[in-house]
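Novice: Have a look at the structure that comes next, please.
The values are calculated or read from the model by the stated rules, or taken from the named source; none is laboratory data. Predicted, not measured: the structure shown is a model, and the values here were computed from it. As a convention, Cβ positions derive from the backbone with ideal geometry for all residues, glycine included, and neighbour counts pool all protein chains shown. Keep in mind that these areas ignore ligands, DNA and RNA; they rest on the heavy atoms of the full protein, side chains included. Shrake-Rupley method; radii C 1.70, N 1.55, O 1.52, S 1.80 Å.
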2 protein chains.
Amino acid sequence: MKYTAEINVMPLKALLDPQGKAVTSSMKNINLDTITNVRIGKHITLEVEALSKQEAEILVDTACQKLLHNPIMESYDFKVQEAK
Amino acid sequence: MKYTAEINVMPLKALLDPQGKAVTSSMKNINLDTITNVRIGKHITLEVEALSKQEAEILVDTACQKLLHNPIMESYDFKVQEAK
């Protein structure tokens, strides 16, 4: 069965996010100063071939741990669903 | 009222995503060759002060159009909800 996963990798809350800070200040320049606290991370989509949703989730979690996120700076969460 | 928005900015389907392609090949090296078609974009969270959800959505859409996405290479979608 084919599954699709949507993964969000975000900078840890405790850490400064310089890219987000820069965008937050730019919001003021385009008259959107009601927008604050911008944080920027990665959104990753992928397809995975697995026998069950559970197996797909284990594969995606392994990919996050080994390759997609840096545990020192980032946290991740993901959703797996059957591909249409 | 305070709202939070979650924005996903992804490379357009029609375009090559070199970062995603590189990660797809790396999956093979760590024995995850059932994972394919990796695409990598940005995940942006922000807070917005607005009178209604509708107003918040308009503000977030303006931010995406003016600052957060590059229409030549990327598409975006977002969800706005009341901040807890």
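Novice: Are any residues in region A:25-72 more than 7 Å from chain B (Cβ to nearest Cβ), in a helix (DSSP H, G or I) and not aliphatic (A, V, I, L, M), and if so, which ones?
Specialist: A:25, A:28, A:29, A:53, A:54, A:55, A:57, A:61, A:64, A:65
Novice: Okay, moving on. Just one of (1) without any contact (Cβ under 8 Å) to a residue 60 or more places away in the chain; (2) among the hydroxyl-bearing types (Ser, Thr, Tyr); (3) closer than 26 Å to residue A:48 by Cβ; (4) open to solvent by 40 Å² or more (accessible area, probe 1.4 Å) trips up residue B:45, so point out which.
Specialist: Single failed check for residue B:45: (4).
Novice: Checking residue A:7 against (1) out of contact with any Phe, Trp or Tyr (no Cβ under 7 Å at 6 or more places or on another chain); (2) of a type in the set (Val, Ile, Thr); (3) in contact (Cβ under 8 Å) with a residue 40 or more places away in the chain, which single condition isn't satisfied?
Specialist: Only one criterion in (1) out of contact with any Phe, Trp or Tyr (no Cβ under 7 Å at 6 or more places or on another chain); (2) of a type in the set (Val, Ile, Thr); (3) in contact (Cβ under 8 Å) with a residue 40 or more places away in the chain is unmet by residue A:7, namely (1).
Novice: Out of B:14, B:22, report the one residue that is more than 19 Å from the chain's Cα centre (by Cα) and of a type in the set (Gly, Ala, Ser). Spell out the reasoning first.
Specialist: Numbers: B:14 fails: more than 19 Å from the chain's Cα centre (by Cα).
Just one listed residue meets the conditions, B:22.
Novice: In region B:1-24, what residues are part of a strand (DSSP E or B), open to solvent by 20 Å² or more (accessible area, probe 1.4 Å) and closer than 27 Å to residue A:31 by Cβ?
Specialist: Initially, region B:1-24 is screened for residues part of a strand (DSSP E or B), giving B:2-11.
Of the ones still in play, those that are also open to solvent by 20 Å² or more (accessible area, probe 1.4 Å) are B:2, B:4, B:6, B:8, B:10-11.
B:2, B:4, B:6, B:8, B:10 - these are the residues of region B:1-24 that are part of a strand (DSSP E or B), open to solvent by 20 Å² or more (accessible area, probe 1.4 Å) and closer than 27 Å to residue A:31 by Cβ.
Novice: Mind counting the residues in region A:1-11 that are under 21 Å from residue B:9 (Cβ atoms) and not polar (S, T, N, Q)?
Specialist: First, the residues of region A:1-11 that are under 21 Å from residue B:9 (Cβ atoms): A:4-11.
From what is left, the residues that are not polar (S, T, N, Q) are A:5-7, A:9-11.
The total comes to 6.
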